[in-house]
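Participant: Have a look at the structure that comes next, please.
The values are calculated or read from the model by the stated rules, or taken from the named source; none is laboratory data. Fair warning: this is a prediction, and the values are worked out from it, not measured in the lab. In this analysis, Cβ positions are derived from the backbone assuming ideal geometry, glycine residues included, and neighbour counts consider all displayed protein chains. Heads up: the accessible areas ignore ligands, DNA and RNA and are worked out on the full protein's heavy atoms, side chains in. Shrake-Rupley method; radii C 1.70, N 1.55, O 1.52, S 1.80 Å.
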Amino acid sequence: MISTWLAAMLARRDIHYGWVMVAVTFLTALVSAGAVGAPGVFIVPLQQEFGWSTAEISSALSIRFILFGLMAPFAAALMNRYGLRNVTLAGQLIIALSLIASVAMTQLWQLMLLWGVAVGIGTGLTAMVLGATVAARWFVQRRGLVVGILTASVATGQLVFLPLLAMLTERYGWRAALLLLCAALAIAACGVVLAMRDRPTDVGLRPYGDRGSEPLPAPPPANAPILAAALGTLRDAAKTRVFWILFATFFICGASTNGLIQVHLIPLCADFGIPQVQAAGLLAAMGILDFFGTIMSGWLSDRYDNRWLLFWYYGLRGLSLLFLPFSDFSFYGLSLFALFYGLDWIATVPPTVRLTAKTFGVERAGLVFGWIFAGHQLGAATAAFGAGLSRTLLLSYLPAFFAAGALCIIAAIIVLLIARHPKPVAG
């Protein structure tokens, strides 16, 4: 088996196979991020070709965000039952088939079915819960750093794909840009087939940083029905204050990132006369900043109080969103916004994952974080639809940005209600 041979070869060089898992998961998440963020580039071309309103297109994207989030806890249960590789491959196949089919779409219901329902389910199977599961299973040390690296793949996906997709869309149309995404999905799927494994024991290893000598206990049986496993975890987690605080703050996180900036920043810039390629370049610049900011967040979350990290992340994000409408959308103003917003775009993920694992345990961390991530995507769906509705009815996106900024300030305050040392919850 290629993975066993590779693990043995890396061990001779004192390199743990867990870092190969990080690389494969990073590639998978990077391409999925491209698929999630791509519709922000396509809003204006779809309006021009089909005459659909911003609110109508945003409705389809809201469906995608909702399913993307609601699939996360069930994806974690599916990974426990069928393995990381099989579930990840299934998600990539669903995304690719949906994008290929959408090349021929002409009706709004087809957009909602393909980009809303199908892409939402497919990306939900490869959502952040995959990275959280890999970090929890394969790493004892450097877990926060690993979550930071894998979360940063979202920013890198923007960096790699959005400017390129915008350029292809401008020159050859949005359909050519979709085919590029499909090719990237095929490459990522090859990496998953060759190198992704479920647990360190599959390649004869202990988790990175585990210095024990006793045989590792067998993983708990995953023979419970998928629905029962996911809902049972929600029932237990919902009895705790920590879960609801993390759920609420992650709802606000999604409302102020994926659903707002990722979907509506490009058409917002168009309202102020900024070309689409230039606006996509702004998102790419924010992706560069977020790549470093999120990795640094992972490093910090291994060393400092995760509650206070979240306080600063949400607070600074809220201030940057409140500042944006007053930036005059000049080069200087947008650069200042990109700097502060980009550095903590998704820096909230590593501290949130660490608080989840600390409270609910390694084996249940993926399932519980899946439900917390569902809150993130419900927030994203709310903002995606709400901002589109604001643009359609009020002819302005700015009220949505003010609301998101205020919510971030609220999140910064309530996250401090978590106890410094939350009591572990028994499974």
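Participant: May I ask for log10 I(q)/I(0) of segment 1-61 at q = 0.16, 0.23, 0.24 Å⁻¹, from a Debye sum over the Cα atoms as equal point scatterers with solvent left out?
Facilitator: -0.63, -0.91, -0.94
Participant: What accessible area, in Å² to the nearest ten, does a 1.4 Å probe give for residue 327?
Facilitator: 10
Participant: Of all alpha-carbon pairs in segment 13-145, indicate the percentage at a distance above 26 angstrom.
Facilitator: Every Cα pair in segment 13-145 considered, those over 26 Å come to 30 percent.
Participant: While we're looking at this one, here's another question. So what is Rg over Rh here for segment 318-427, counting just Cα atoms and using Kirkwood for Rh?
Facilitator: Values: Rg = 17.2 Å, Rh = 16.2 Å.
Here the Rg-to-Rh quotient is 1.06.
Participant: In addition: By how many nm would the segment from residue 13 to residue 292 grow when fully extended, if each residue of separation counts as 0.36 nm and the alpha-carbon distance is taken off?
Facilitator: Difference between extended and current length: 97.7 nm.
Participant: Just the number, please: Stokes-Einstein D of segment 68-175 in µm²/s, Kirkwood Rh from C-alpha pairs, 37 °C, 0.692 mPa s.
Facilitator: 213
Participant: Next question, about the same structure. Which angle between 0 and 90 degrees, to the nearest 10, do you get for helix 349-360 versus the longest principal axis of the chain when only C-alpha atoms count?
Facilitator: So the inclination is approximately 40 degrees.
Participant: Computed from the mean reciprocal separation of all distinct C-alpha pairs, what Kirkwood hydrodynamic radius does segment 167-210 have, in Å?
Facilitator: Kirkwood hydrodynamic radius for segment 167-210: 13.3 Å.
Participant: Taking Cα atoms, how many degrees apart are the long axis of helix 2-12 and the longest axis of the chain, rounded to 10 and kept between 0 and 90?
Facilitator: Once rounded, one gets 70 degrees.
Participant: Given the peptides 368-379, 19-30, 234-245, 94-105, arrange them by the average over their residues of other C-beta atoms within 10 Å, most packed first.
Facilitator: 368-379, 19-30, 94-105, 234-245
Participant: What is the distance in Å between the Cα centroid of segment 198-212 and that of segment 16-31?
Facilitator: Cα centroid to Cα centroid, the span is 16 Å.
Participant: For segment 406-416, in order, what is each residue's ³J(HN,Hα) by Karplus, 6.51 cos²θ - 1.76 cosθ + 1.60 with θ = phi - 60°, in whole Hz (x at glycine and Pro)?
Facilitator: 5, 5, 5, 5, 4, 4, 4, 7, 6, 5, 6
Participant: Step through the residues of segment 303-315 one at a time and calculate ³J(HN,Hα) from phi using the Karplus curve (6.51 cos²θ - 1.76 cosθ + 1.60, θ = phi - 60°), rounding each to whole Hz and writing x for Gly and Pro.
Facilitator: With coefficients 6.51, -1.76 and 1.60, one gets 10, 10, 4, 5, 5, 6, 4, 5, 4, 5, 4, 5, x Hz.
Participant: Here's another thing I want to ask about it. So if the hydrodynamic radius of segment 253-369 is defined as the Kirkwood radius over C-alpha pairs, what does Stokes-Einstein give as its diffusion coefficient at 10 °C and 1.306 mPa s, in µm² per second?
Facilitator: Rounded, D is 105 µm²/s.
Participant: Note the per residue figure in Å³ for the convex hull of the C-alpha positions in segment 58-110. Display every interim value, and only then the final one.
Facilitator: Working: hull volume 3.8 nm³, N = 53.
Cα convex hull per residue, to the nearest whole number: 72 Å³.
Participant: Follow-up question, since we're still on this one. Per the Kirkwood treatment, what hydrodynamic radius in Å, one decimal, follows for the chain from the mean inverse distance over all distinct Cα pairs?
Facilitator: 21.5
Participant: Expected output is a single nm value to one decimal: the length gained when fully extending between residue 336 and residue 179, i.e. 0.36 nm times separation in residues minus the C-alpha distance. What is it?
Facilitator: Using 0.36 nm per residue and subtracting the Cα-Cα distance, I get 53.1 nm.
Participant: Still on this structure: Provide the FRET efficiency to the nearest 0.05 for the residue 199-residue 416 pair, computing r from the beta carbons and using R0 = 45 Å. Write out the running numbers ahead of the final one.
Facilitator: Values: r = 36 Å, r/R0 = 0.79.
Computed FRET efficiency for residue 199 and residue 416 comes out at 0.80.
Participant: With axes computed from alpha carbons, what is the tilt in degrees of helix 362-394 against the longest principal axis of the chain, rounded to the nearest 10 within 0 to 90?
Facilitator: Roughly 0 degrees between the two axes.
Participant: Evaluated at 25 °C with a viscosity of 0.890 mPa s, what Stokes-Einstein diffusion coefficient in µm²/s does segment 89-147 have when Rh comes from the Kirkwood expression over alpha-carbon pairs?
Facilitator: Once the numbers are plugged in, D ends up at 189 µm²/s.
Participant: What residues have an amide H closer than 5 Å to that of residue 208, excluding those fewer than 5 places away on the same chain, when H is modeled at 1.01 Å from N in the peptide plane?
Facilitator: The list, which skips near neighbours in sequence, is 139, 140.
Participant: Right, another one. Segment 400-417 to segment 245-282: how many Å between their Cα centroids?
Facilitator: Between the Cα centres of segment 400-417 and segment 245-282 lies a distance of 16 Å.
Participant: Going by amide H atoms built from the backbone, whose H comes under 5 Å of the H on residue 396, apart from near neighbours?
Facilitator: Hits under the 5 Å cutoff: 391.
Participant: What does the convex hull of the Cα atoms come to per residue for segment 279-335, in Å³?
Facilitator: 75
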